[in-house]
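For reference, the structure is listed below as structure tokens.
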Amino acid sequence: MKIAFVGKGGSGKTTLSSLFVRHLAATGAPVVAIDADINQHLGTALGLDEAEATGLPAMGEHLPLIKDYLRGTNPRIASAEKMIKTTPPGEGSRLLRVREDNPVYDACARPVELDGGAVRLMVTGPFTDADLGVACYHSKTGAVELCLNHLVDGRDEYVVVDMTAGSDSFASGMFTRFDITFLVAEPTRKGVSVYRQYKEYARDFGIALKVVGNKVQGPDDLDFLREEVGDDLLVTVGHSDWVRAMEKGRPPLFELLEDANRRALGVLHTAVDATYELRDRERYTRQMVHFHVKNARSWGNERTGADLAAQVDPGFVLGEGVVAPA
């Protein structure tokens, strides 16, 4: 199951995504955690010190390796250099699976030991001033999108992505790559503004969007969120001494997280698992193709000197039953 955490800067989305990763790991589930935010903080939220976090391999720096591996023997893709962030898989493409070992994980993922288990962590890498704009989505989060396009995950397998803040996620089609998106919102006007943007953008794509109210301190905050987001409000989270200790670099055992917040994470888990039966693999593949053709026409063809629409395999549908070459 693929899960995105989005929200405005400072909403607490990285904290909540890290708590959810810890929750899943504590159940023994296989988890791949991906930091796709411009501000790279998921590693430290999962307990790494600054040196360990900054030493993680950047996916953007391994983009040639990722492209070459995923291309496989797909005859529609002339070379790895002709692949862009939205290139869809087809017959002969290699796919990624949550539980396997492969060269992409070897290069880009590192195990993070948590008190409830271990997860694979992947990061886009730090952003520089030169990256900001279209280029960042090609070289940095573009690597994440390409991997998600080639990822096959099943029931009780989880990929949790801490997305870039605000509505920047809509700079590409990556927002359609998830089974469910959790939008973290504070009970303020600014806090729900990203929700309105996301809701509007996602309206035509069948995005499963649920709001997680954060920093909710009382009935007035709860009433405000209910008025602003209605039935999309899934659960709320309040103050946490456990989180405060974690932010100081001294996290207690995860089992000591407050009962109310543990229950909130359980609600998120239930919501995620419920989306499995709603999967529409043909729609998922169509959306992938839609954004690839759009990007090919707007910049990809010119950049690569090729007709990238020809990379689309019209008979291919990404799903758990697809057998990829070794």
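Values computed for the structure shown
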{"item": "The range 4-71, Rg to Rh (Cα coordinates; Rh as Kirkwood inverse mean 1/r)", "result": "1.01"}
{"item": "Residues Asp232 and Asp273, FRET efficiency given R0 of 22 Å [Cβ-Cβ distance, rounded to 0.05]", "result": "0.75"}
{"item": "Whole-percent carbon and sulfur share, accessible surface of the range 230-326, 1.4 Å", "result": "52"}
{"item": "Paramagnetic reach from Glu91 in the range 254-293 [backbone N under 20 Å; point 7 Å along Cα→Cβ]", "result": "282, 285-286, 289"}
{"item": "q = 0.11, 0.19, 0.22 Å⁻¹, the range 160-248: log10 I(q)/I(0) [Debye, one scatterer per Cα]", "result": "-0.33, -0.90, -1.11"}
{"item": "Two-site FRET efficiency, Val323 against Asp280, from Cβ-Cβ distance with R₀ of 22 Å, rounded to 0.05", "result": "0.55"}
{"item": "Estimated FRET transfer efficiency when R0 is 35 angstrom, pair Arg303-Ser193 (beta carbons, to 0.05)", "result": "0.55"}
{"item": "Expected 222 nm ellipticity per residue - DSSP helices of 4 or more, -39500 (n - 2.57), all of the chain, to 500", "result": "-10500 deg cm²/dmol"}
{"item": "Relative contact order of the chain, pairs being alpha-carbon contacts under 8 Å that are 6 or more residues apart, as %", "result": "27"}
{"item": "Among [x] 23.4, 80; [y] 19.2, 59; [z] 25.3, 83, the entry derived from the coordinates for Rg and Dmax of the Cα atoms in Å", "result": "[y]"}
{"item": "Compactness index (Cα Rg / 2.2 N^0.38 Å), the range 40-124", "result": "1.26"}
{"item": "Mean Cβ count within 10 Å, highest first, over the residues of peptides 35-43, 303-311", "result": "35-43, 303-311"}
{"item": "Scattering profile of the range 193-326 at q = 0.09, 0.11, 0.12 Å⁻¹ [log10 I(q)/I(0), Debye over alpha-carbon scatterers]", "result": "-0.50, -0.69, -0.78"}
{"item": "Distance-filtered residues of the range 110-124 - backbone nitrogen under 16 Å, label point 7 angstrom along Glu258 Cα→Cβ", "result": "none"}
{"item": "Surface accessible to a 1.4 Å probe, per residue, for the residues of the chain, Å²", "result": "44"}
{"item": "Cα convex hull of the range 1-154 - mean projected area over all directions, nm²", "result": "9.2"}
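The values are calculated or read from the model by the stated rules, or taken from the named source; none is laboratory data. Source: prediction; values computed, not measured. Every residue, glycine among them, receives a Cβ derived from its backbone with ideal geometry; neighbour counts consider all protein chains shown. Areas reflect the complete protein model, heavy atoms only, side chains present, ligands, DNA and RNA absent. Shrake-Rupley method; radii C 1.70, N 1.55, O 1.52, S 1.80 Å.
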